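These notes are about the structure you will find just below.
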Amino acid sequence: MNLDPFLQWLEATPGSLYIRESTLLYPIVETTHVLALCVFLGLIALLDLRLTGLGLRSIPVSAIAGKLLPWALFGFVLMAVSGALLFYSGPIKAAANIFFRIKMVMIALTGVNALLFHFTIFRKINDWDSAPVPPARARMAGMVSLVLWCGVVICGRMQAYNWFTH
Amino acid sequence: MDFLPLFQWFEATAPGTIVRESIWMFPVIQCFHLLALSLLGGSVLAVDMRMLGFGLTTTPLAELGRRLHPWMVLSLVAINVTGILMFLSEAIKCFYSPPFFYKISFLVIAIIYTFTLWRRVVESEPGSFSASRNRIAALLSLALWFGVGFSGRWIAFY
């Protein structure tokens with residue numbers, strides 16, 4: 001499927017041009033993206049650290065998942081909206097960027113990891129909720145999430161340097 | 001007093017020169033800076049939200065603070081080491097950047113505040129500070145760290 005005509009059309013829309021050429025809006029959107037990352041990834045990292053057994057061991061997993069995930073989700077929405085606006089401001093360049101592509105694949109994989117966790121070992125949470133070190137499947141899910149999200153951040157940062165552009 | 005010679009000296013230091021002359025080092029350091037920033041954000045936010053009555057309300061504040069303290073310190077160390085390396089590599093640019101000065105000011109105040117007043121409130125016995133004091137302590141912490149992050153991002157633009 002050839003996306004080029006769509007990307008060209010998107011890039012030519014007034015909104016895209018407006019963000020691209022604004023001296024204030026672009027930095028504001030980018031700053032929102034980074035600060036939302038702190039909210040989202042920071043809170044997700046706390047859950048992942050708990051799942052791997054590396055931190056917050058005295059706090060039940062269900063408490064962290066139940067009480068912090070809604071806030072993490074709020075951060076994710078903020079991150080996704082600001083990220084979409086950043087993409088919208090220069091879709092042709094972004095889509096051609098290898099780091100952007102890897103980042104999108106990695107975000108999809110974090111989703112798969114989260115769903116797998118949710119529908120398998122998380123169902124039996126009552127058995128290991130307060131265990132300082134959760135079972136292997138849960139530790140694995142936490143570690144995979146940490147590695148993938150770190151990868152997403154690294155790709156996101158590298159995207160700005162535009163190396164190896166397709 | 002003229003600080004420019006000092007910043008010129010910073011820029012000429014060995015670590016500054018090495019980072020500046022490398023193509024990949026600055027981006028890699030930036031990545032670690034961002035990752036540490038996220039961890040700091042998460043651990044500060046979890047405690048501040050708790051003080052405001054959101055998030056991990058089932059965990060005692062002092063325990064949450066104690067448990068998150070090592071992660072906060074770890075991320076702060078990583079942020080400062082990577083931050084200093086980036087600063088040394090472009091110290092003269094920072095000298096002329098207003099956001100850089102706001103950021104450093106916020107950072108110094110935030111660090112002092114976090115390790116003195118804020119920590120005292122977080123680790124106090126339950127009930128030794130009123131709920132409104134807790135809230136003010138949390139809001140001040142959020143505002144200071146927001147100031148650091150916000151002005152930090154703008155160094156790239158101005």
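None of the figures in this text is laboratory data; all of them are computed from the coordinates on show. Note that the structure is predicted; figures quoted are calculated from it, not measured. All Cβ positions, even for glycine, are placed from backbone atoms using ideal geometry, and neighbour counts span all protein chains on display.
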Subject >> Choice from B:LEU117, B:LEU139, B:LEU52 showing the highest fluctuation, given a GNM over chain B with Cα pairs closer than 10 Å >> reply: B:LEU117
Original post:
Of A:ARG20, A:ARG123, A:ARG101, which is the most mobile in a GNM of chain A whose springs link Cα atoms less than 10 angstrom apart?
Top reply: A:ARG123
**OP:** For region B:1-139, give the magnitude of the charge dipole about the Cα centre (Cβ charges: +1 Lys/Arg, -1 Asp/Glu; no others), in debye to the nearest 20.
**Re:** 400
**OP:** Treating cross-link reach as a plain straight distance, find the aspartates and glutamates whose alpha-carbon is under 13 Å from the alpha-carbon of B:LYS103, omitting any fewer than eight places away in the same chain.
**Re:** none
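Would you mind computing Rg(Cα) / (2.2 N^0.38 Å) for the protein assembly as shown, counting N as its residues? Mind showing how you got there, number by number?
Numbers: Rg = 21.0 Å, N = 324, 2.2 N^0.38 = 19.8 Å.
Against the compact-globule rule of thumb, the ratio is 1.06.
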Original post:
In bins 10 Å wide, starting from 0, what share of all Cα pairs of region B:1-140 does each bin hold, as a percent?
Top reply: 11, 34, 27, 18, 10, 1
Original post:
Can you tell me the Rg and Dmax of region B:2-50, counting just the alpha carbons, in angstroms?
Top reply: 16.3, 45
**OP:** Quote the FRET efficiency, to the nearest 0.05, computed for B:ASN80 versus A:LEU116 with a Förster distance R0 of 41 Å and r equal to the Cβ-Cβ distance.
**Re:** 0.65
**OP:** Treat each spin label as a single point 7 Å out from the Cα along the C-beta direction, and report the B:VAL73 to A:ALA12 distance in nm.
**Re:** 6.0
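Set the Förster distance to 45 Å, then compute FRET efficiency between A:TRP163 and B:ARG133 from the Cβ-Cβ distance, nearest 0.05. Provide the component values of the computation, followed by the final result.
Values: r = 50 Å, r/R0 = 1.11.
That gives a FRET efficiency of 0.35.
So for region A:1-158, what are the equivalent ellipsoid semi-axes in whole Å, largest first, each being the square root of 5 times an eigenvalue of the Cα gyration tensor?
Ellipsoid semi-axes (Å, largest first): 36, 16, 12.
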